[in-house]
1. Which pairs have Cβ atoms under 9 Å, sit 6 or more apart or on different chains, and link a residue in the stretch 156-170 that is farther than 17 Å from residue 185 by Cα to one that is surrounded by 11 or more Cβ atoms within 10 Å (Cβ to Cβ) and aromatic (Phe, Trp, Tyr)?
2. If residue 87 meets every condition in (1) closer than 26 Å to residue 154 by Cβ; (2) at pLDDT below 90 apart from one, which number is that one?
3. For the subset of the stretch 93-120 comprising residues that are in contact (Cβ under 8 Å) with a residue 60 or more places away in the chain and part of a helix (DSSP H, G or I), which member is surrounded by the fewest Cβ atoms within 10 Å (Cβ to Cβ)?
4. Name every residue in the stretch 124-136 that is modelled with pLDDT of 95 or more, surrounded by 12 or more Cβ atoms within 10 Å (Cβ to Cβ) and hydrophobic (A, V, I, L, M, F, W, C), in order of residue number.
5. Which pairs have Cβ atoms under 6 Å, sit 6 or more apart or on different chains, and link a residue in the stretch 60-80 that is within 17 Å of residue 139 (Cβ to Cβ) to one that is in a helix (DSSP H, G or I) and open to solvent by 40 Å² or more (accessible area, probe 1.4 Å)?
6. Given the criteria farther than 18 Å from residue 90 by Cα, in a helix (DSSP H, G or I) and not charged (D, E, K, R), does residue 148 qualify?
7. Open to solvent by less than 20 Å² (accessible area, probe 1.4 Å), part of a helix (DSSP H, G or I) and either without any contact (Cβ under 8 Å) to a residue 24 or more places away in the chain or not polar (S, T, N, Q) (or both): does that describe residue 85?
8. Residues of the stretch 173-184 being open to solvent by 80 Å² or more (accessible area, probe 1.4 Å) and part of a helix (DSSP H, G or I), which ones?
Amino acid sequence: MAKGITRERIVAVALELLDDKGMDALTVRALASRLGVGAPALYWHVRNKQELLDEMSTSVMRRVTDALSAIAPSAGWRDDVAANARVLRSEYLRHRDGARIFSGARFSDPDVVKAKESWLARLTAAGFSLAEADDAIDLVTAFVVGFVIEEQERSQSTGADPARYSLAGRDAWLGEGADLVKAAGHLRDDGDLRFERQLGIVLDGLAARLRS
């Protein structure tokens, strides 16, 4: 085992590599090169790329857990779940392709998984069944992951090609017979306003489920 190589160091450098090169360039070989060791040295700590992603997502979720623990519970479940979603988005956005590392990830720290206990307790106390509470957490997380993946992909693509999402070019490409599609495209906004509006729709759906 290479001296000075710890799992914590591997994860920290992997997140740096992610920020510099993106998800597609994040490989065990590239990580080993950045650490100045041979790839076999990393296999003492992570067996493959998926296990590396597990560790990276766990590291990010520790930050999420810490941030959420600093927020006092509100008077209602809706505000609590919204706060959770905002913290998730903020932490995902701290890293290039930050949301993509969570696809299929399995957390390696039991304390990260146990942090879900308090959220299940809050939702069941509000009237959700345990199954509904679990679905609610999964649904909000999936919404945030999907939103941030799209948000980051569009931002990176625009940086590489400023004309990629040109509305004038899109309108001309669509041609006739798509007036509503064109109008909807011009109404589109990005960032915080879009996130808050769509999060509100998700929360409205959960509230309707609770009332029923």
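1. Close Cβ pairs satisfying both conditions: 157/165.
2. (2)
3. The qualifying residue surrounded by the fewest Cβ atoms within 10 Å (Cβ to Cβ) is 100.
4. 128, 133, 136
5. 77/122; 80/122
6. In short, no.
7. Spelling it out, residue 85 is indeed open to solvent by less than 20 Å² (accessible area, probe 1.4 Å), part of a helix (DSSP H, G or I) and either without any contact (Cβ under 8 Å) to a residue 24 or more places away in the chain or not polar (S, T, N, Q) (or both).
8. Result: 173, 179, 180.
The values are calculated or read from the model by the stated rules, or taken from the named source; none is laboratory data. Everything numeric in this text was worked out from a predicted model, so none of it was measured. Note that we place each Cβ from the backbone using ideal geometry, even for glycine, and neighbour counts take in every protein chain shown. Note: accessible area is taken over every heavy atom of the protein model, side chains too, but ligands, DNA and RNA are not part of it. Shrake-Rupley method; radii C 1.70, N 1.55, O 1.52, S 1.80 Å.
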